[in-house]
Amino acid sequence: MLYINCPHCGMRSQNEFSYGGDASVKRPELNKEVSDQEWDNFVYNRKSLRGKHLELWQHISGCRQWIKVERDTATHEIFRTFKADEEVA
Amino acid sequence: MQKYSIFNLVKNAFSNHENWDLAWKDPTPKEVYDVVIIGGGGHGLATAYYLAKEHNITNVAIIEKGWIGGGNVGRNTTIIRSNYMHDENGLFSEFGMDLWRKMSQDLNYNVMFSPRGIINLAHSDAQMNAYARRGNSMRLNGIDAVLLNREQVKEIIPMADFSENVRFPIYGGLMQPSAGTARHDAVAWGYARQADSMGVDIIQNCEVIGFDVSAGKIKGIRTSRGNIKAKKVGLCVAGSTNILAEKLNMTLPIETHLLQACVSEPVKPVLDNVVTFGAGHFYVSQSDKGEMVMGGDLDGYNSYAQRGNLPTLQHVLTEGIAMMPFLSKLKMLRTWGGIMDMSMDGSPIIDKTHIDGLYLNCGWCYGGFKATPASGWTFAHTIAQDRVHELNAGYSLNRFNTGHLIDEKGLGTKTWIS
């Protein structure tokens with residue numbers, strides 16, 4: 001069982017959350033010409049590495065906010081959590 | 001190579017079975033190979049075997065970080081089927097079914113292929129319609145499919161829950177009678193033994209730490225046991241695909257996720273077929289030892305852990321108990337997990353890459369084991385001929401760019417969509 005520290009609600013169990021994938025992916029800006037390759041990278045291509053991974057979770061059975069979680073994909077250790085709009089240094 | 005036969009068994013009995021040949025050797029890596037296959041799992045071993053057998057390329061090395069057959073080929077639920085709707089998947093898998101049927105004779109190794117049939121249960125009229133459509137597509141591709149009504153399913157699977165007032169009543173099911181199971185370790189060992197006998201070097205405990213690429217062409221690999229030059233390199237590393245892709249500066253439409261499976265204590269025969277629950281993601285079969293072999297959903301978040309998390313197991317087994325209530329009385333014997341190369345459309349990739357001489361085999365999601373022979377056969381063809389075979393032409397890497405996705409179930413890494 002993972003325990004995720006929701007920045008809005010505090011420490012909660014994994015059962016209250018749903019997963020949203022890699023949080024480092026940036027949607028291409030729409031006010032400029034976007035190539036197929038850029039869309040491809042945004043929609044499909046992922047690094048998905050072993051080790052530290054910044055990812056989105058939604059506290060679906062809690063405050064329903066999207067949050068960012070920094071987690072190790074091999075050990076499942078959770079280092080830090082952030083609000084969705086928080087900049088991650 | 002010593003043939004495995006009743007006569008050799010009797011002969012070796014006189015020497016207390018102490019004089020059998022080693023099934024495969026433990027060679028030191030050579031400096032140069034024609035083809036290096038990275039990953040000594042089912043697909044990698046099968047690829048090496050078909051390179052030697054079909055294409056006469058025997059100066060081949062299999063590079064394995066751990067021991068052969070220690071990854072997903074040793075961690076799956078051994079299901080073999082070709083019950084796909086889309087042509088790409090159906091024709092590819094049915095080609096594989098033919099290889100499965102001949103495998104024990106072909107490899108001189110009993111892989112215990114057991115064509116006991118698979119039944120996908122339906123729990124609504126809409127699902128029956130969808131299964132009728134899939135069954136028709138399968139039959140058009142020459143794959144056997146039978147649509148069963150509730151009474152027929154009851155006759156075949158009396159242990160399923162046919163009581164009134166259940167949340168997901170069984171309306172019927174789609175059966176592929178020729179589907180089945182096989183002994184997974186034997187598949188790896190059988191391919192390894194034959195490949196070795198034809199001159200393939202199986203190099204274990206050898207980790208790939210880098211690649212030598214110059215002018216857009218692969219020159220060799222760097223490993224924990226020294227550098228190895230190679231004209232062609234094939235990647236067959238399932239859940240570790242992204243780790244190697246990063247060393248090649250490639251970003252792939254693949255995420256690594258964890259899939260769990262479990263077996264119960266052994267019981268007397270209660271289930272003749274492979275059965276899947278249609279209102280969720282759960283499947284079960286009974287092993288020859290009597291254990292109920294079960295599996296279902298991904299853990300749901302990127303993972304390299306190779307061990308599972310209990311919430312998912314609980315969720316999966318809840319579905320199992322809804323389908324077959326007697327499962328709740330069984331003790332769990334073992335649970336385990338493997339890391340899956342989940343592609344974004346749920347279908348695999350067997351293709352060339354933008355690097356000359358580098359070939360990619362990945363994206364097997366939940367269905368890697370049953371694809372072992374067909375994957376090895378087509379990947380060997382792709383490597384040997386430097387072009388894809390028509391069977392794996394649909395499994396291209398650039399389909400995500402061109403939009404030619406193969407959305408068999410319409411879900412890849414994003415399991416919550418289902």
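Residues that are in a helix (DSSP H, G or I), small (G, A, S) and closer than 30 Å to B:G295 by Cβ within segment B:354-411 comprise B:A374, B:S375, B:G376, B:A380, listed in sequence order.
If the condition is being among the aliphatic types (A, V, I, L, M) and either touching a strand residue (DSSP E or B) at 6+ places or on another chain (Cβ under 8 Å) or in a strand (DSSP E or B) (or both), then segment B:238-267 contributes B:A238, B:L244, B:A245, B:L248, B:L252, B:I254, B:L258, B:L259, B:A261, B:V263, B:V267. Residue count for segment A:26-57 satisfying the condition of being within 7 Å of another protein chain (Cβ to nearest Cβ) and either hydroxyl-bearing (S, T, Y) or at positive phi (or both): 2.
Considering each residue of segment B:386-397 in turn, none proves to be under 23 Å from B:I243 (Cβ atoms) and charged (D, E, K, R).
Scanning segment B:78-87 for residues that are among the small types (G, A, S), over 21 Å from B:R183 (Cβ atoms), buried (at least 18 other Cβ atoms within 10 Å of the Cβ) and within 18 Å of the chain's Cα centre (by Cα) turns up nothing. Taking the criterion of being surrounded by fewer than 17 Cβ atoms within 10 Å (Cβ to Cβ) and part of a strand (DSSP E or B), would at least one residue in segment B:281-296 satisfy it? No, segment B:281-296 contains no residue that is surrounded by fewer than 17 Cβ atoms within 10 Å (Cβ to Cβ) and part of a strand (DSSP E or B). The one condition from (1) of a type in the set (F, W, Y); (2) touching a Leu at 6+ places or on another chain (Cβ under 9 Å); (3) within 23 Å of B:Y4 (Cα to Cα) that B:W100 does not meet is (2). Consider segment B:306-329 and keep the residues that are aliphatic (A, V, I, L, M) and surrounded by fewer than 17 Cβ atoms within 10 Å (Cβ to Cβ). The one that is nearest to the other protein chains (Cβ to nearest Cβ) is B:L310.
Restricting segment A:58-89 to residues that are in contact (Cβ under 8 Å) with a residue 12 or more places away in the chain and of a type in the set (K, R) leaves a set whose member that is nearest to the other protein chains (Cβ to nearest Cβ) is A:R71. Return the residue satisfying two criteria in turn: it lies in segment B:394-418 and is under 19 Å from the mean Cα position of the chain (by Cα) and more than 14 Å from every other protein chain (Cβ to nearest Cβ), and of such residues it is modelled with the lowest pLDDT. Looking at the filtered set, the residue picked out is B:K409.
The values are calculated or read from the model by the stated rules, or taken from the named source; none is laboratory data. Fair warning: this is a prediction, and the values are worked out from it, not measured in the lab. Cβ: placed from backbone, ideal geometry, glycine included. Neighbour counts: every protein chain shown.
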